[in-house]
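Report on the structure given below.
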Amino acid sequence: MEDSKLPMALRSNLLDLFGQIEREFENLYIENLELRREIDSLNDRLAGEGQTVDGGDLSKGALKTKASHSTSQLSQKLKTTYKASTSKIVSSFKATTSRAVCQLVKEYVGHRDGIWDLAVTRVQPLVLGTASADHCSMLWSIETGKCLLKYAGHAGSVNSIKFHPTEQMALTASGDQTAHIWRYMVQLPLPQPPADTSASLDDDVDFSDKDEADGEADGPSECPTIRVATTTLKSHQGVVIAADWLVGGKQVVTASWDRAANLYDVETSELVHALTGHDQELTHCCTHPTQRLVVTSSRDTTFRLWDFRDPSIHSVNVFQGHTDTVTSAVFTVGDNVVSGSDDRTVKVWDLKNMRSPIATIRTDSAVNRISVSANQRIIALPHDNRQVRLFDMSGVRLARLPRSNRQGHRRMVCCSAWNEENQACNLFTCGFDRQAIGWNINIPALLQEK
């Protein structure tokens, strides 16, 4: 320091600052040792019960943090280490069984951009439909993963897809400010022997980093393509973000970024009602399976229940149960509505008394388009953080779908859809990694673990 050209006052100030940093690191090092001792003792206790904690090395990793990280980041890492390890202890009791009850069955790969939405047909043959930002919608064989049909009639992102309750018709909503109804006919392929997929399970391959999806060249390019809609619904002044069929399939409802939802007559394609009142863009709409009820969700933190059961008057109720964008609200087969939000919560409501939720699920990431299974009423939560979690209607967590370099979504999961008629593949998810995934959820085993 004798050769330093720095002024004495500046040198003194720097030395003082470096001294403070050294003391901070010393305190963090001591705290880290304490945390490691805690984790070791927890591991010892669990070892006696045949369990292990995979968070045991987290604290070691914390001290290997690059110098570019600020001390506050390092401190935060250390403070969360203990929380992370203890939460892993709790989840580790279910970890081994979760793998057995939730298994990846099939990946549906071929879209050129993220997949916003998916649904399963409601009449035979049962096929999977996907809606993508690549301006296309595709129909897939659930068993083989082969693309059967492509709809390319939209001029913008396809944001949702729903199937007619009794006919071979699909309803898609798009960023081109329209919703389209189109008829489809598909021929299911014969089941093929399982192919060797070991090459695609390399840990070092991250699907999200690839420029194009695997199998694109020989998959959807062979699909028959429909380019013209049977019916075009166009009254919105903004992106149409979602659409659904009312019970009976003679009317549809659309939700738009123009802050309105529209009710249309399918046969005449005429606008029957404009449902206004939301203060910001709509994010989703859903219809009741057996009654003329519609629920719309919005960025204004509310969802609204519209009642069309009395033809002479339609009533509306506003529900303010969230603190951020309501990403979806859906009906269950019973008298419940389940709402999900960017505020990282999911709430279960009773239609007969909607003043306050009967259950609240708190999560660690924004929740996207949820779905509820018809028979056992299990809620599937797709998250921004790439996870998919399953809960019951009481808010009890049942499982988390497996996710690693080998399987699961690599980017935000946008939507989930149950299909309990297919035993082998009864839950589907899709996301911005351009793929849809079919899962087998062993529901009896899942409920037995509660």
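Collect the residues in the range 267-286 that are assigned to a loop (DSSP other than H, G, I, E, B), open to solvent by less than 60 Å² (accessible area, probe 1.4 Å) and closer than 21 Å to residue 340 by Cα, keeping them in residue-number order. Let's see the steps before the verdict.
First pass over the range 267-286, keeping only residues assigned to a loop (DSSP other than H, G, I, E, B): 267-270, 276-281.
Still in the list and also open to solvent by less than 60 Å² (accessible area, probe 1.4 Å): 269, 277-278, 281.
Answer for the range 267-286, where residues must be assigned to a loop (DSSP other than H, G, I, E, B), open to solvent by less than 60 Å² (accessible area, probe 1.4 Å) and closer than 21 Å to residue 340 by Cα: 277, 278, 281.
Going by what's in this entry, would residue 72 be described as modelled with pLDDT under 80 and either outside any helix (DSSP H, G or I) or not charged (D, E, K, R) (or both)?
yes
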Six or more apart or on different chains, Cβ under 9 Å: which pairs go from a residue in the range 404-421 that's under 14 Å from residue 439 (Cβ atoms) to one that's basic (Lys, Arg)? Could you list them? 408/386; 409/386; 409/403; 413/386; 415/369; 416/369; 417/369
Where residues in the range 295-310 are of a type in the set (D, E, K, R) and assigned to a loop (DSSP other than H, G, I, E, B), which of them is nearest to residue 253 (Cα to Cα)? 309
Test each condition in (1) of a type in the set (A, V, I, L, M); (2) open to solvent by less than 20 Å² (accessible area, probe 1.4 Å); (3) touching a helix residue (DSSP H, G or I) at 6+ places or on another chain (Cβ under 6 Å) for residue 413 and report the one that comes out false. (3)
The strands (runs of 3 or more DSSP E) lying wholly within the range 141-181 that contain at least 1 residues that are open to solvent by 10 Å² or more (accessible area, probe 1.4 Å) and closer than 22 Å to residue 371 by Cα are 158-163, 169-174
Please name all residue pairs, on different chains or six or more residues apart, with Cβ atoms under 9 Å, provided the first residue is in the range 104-125 and is modelled with pLDDT under 95 and part of a loop (DSSP other than H, G, I, E, B) and the second residue is among the hydroxyl-bearing types (Ser, Thr, Tyr) and crowded, with 18+ Cβ neighbours inside 10 Å. 125/141
Give the residues of the range 252-266 that are open to solvent by less than 30 Å² (accessible area, probe 1.4 Å) and assigned to a strand (DSSP E or B), sorted by residue number. 252, 253, 254, 255, 256, 261, 262, 263, 264
Could you please let me know if residue 407 is surrounded by fewer than 22 Cβ atoms within 10 Å (Cβ to Cβ) and closer than 16 Å to residue 105 by Cβ? yes
Looking at (1) assigned to a loop (DSSP other than H, G, I, E, B); (2) open to solvent by 60 Å² or more (accessible area, probe 1.4 Å); (3) at pLDDT below 95; (4) not aliphatic (A, V, I, L, M), can you tell me which one residue 444 breaks? (1)
Write out, first by first residue and then by second, each pair whose Cβ atoms fall under 7 Å of each other, whose residues are 6+ apart or on separate chains, and whose first residue, in the range 135-153, is closer than 13 Å to residue 180 by Cβ while the second is charged (D, E, K, R) and at pLDDT 95 or above. 136/150; 152/227; 153/227
Within the range 378-396, is there a residue that is in contact with a Ser or Thr (Cβ under 7 Å, 6 or more places away or on another chain) and on the phi > 0 side of the Ramachandran plot? yes
Name every residue in the range 287-304 that is of a type outside the set (Lys, Arg), open to solvent by 20 Å² or more (accessible area, probe 1.4 Å) and closer than 18 Å to residue 243 by Cα, in order of residue number. 289, 290, 291
Filter the range 1-44 down to the residues that are free of Cβ contacts under 8 Å to residues at least 12 places away in the same chain, among the hydroxyl-bearing types (Ser, Thr, Tyr) and open to solvent by 80 Å² or more (accessible area, probe 1.4 Å) and list them by number. none
Tell me, yes or no, whether the range 307-316 has at least one residue that is open to solvent by less than 60 Å² (accessible area, probe 1.4 Å) and touching a Lys or Arg at 6+ places or on another chain (Cβ under 8 Å). yes
Do we have any residue at all in the range 287-294 that's over 25 Å from residue 178 (Cα atoms) and in a loop (DSSP other than H, G, I, E, B)? yes
Return a yes/no flag: does the range 369-376 have any residue that is farther than 19 Å from residue 387 by Cβ and of a type outside the set (S, T, N, Q). yes
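The values are calculated or read from the model by the stated rules, or taken from the named source; none is laboratory data. Note that the structure is a prediction, hence the values are computed from the model and not measured. Methodologically, a virtual Cβ is constructed for each residue, glycine included, from the backbone with ideal geometry; neighbour enumeration extends over all protein chains shown. These accessible areas exclude ligands, DNA and RNA; they are computed on the full protein's heavy atoms, side chains included. Shrake-Rupley method; radii C 1.70, N 1.55, O 1.52, S 1.80 Å.
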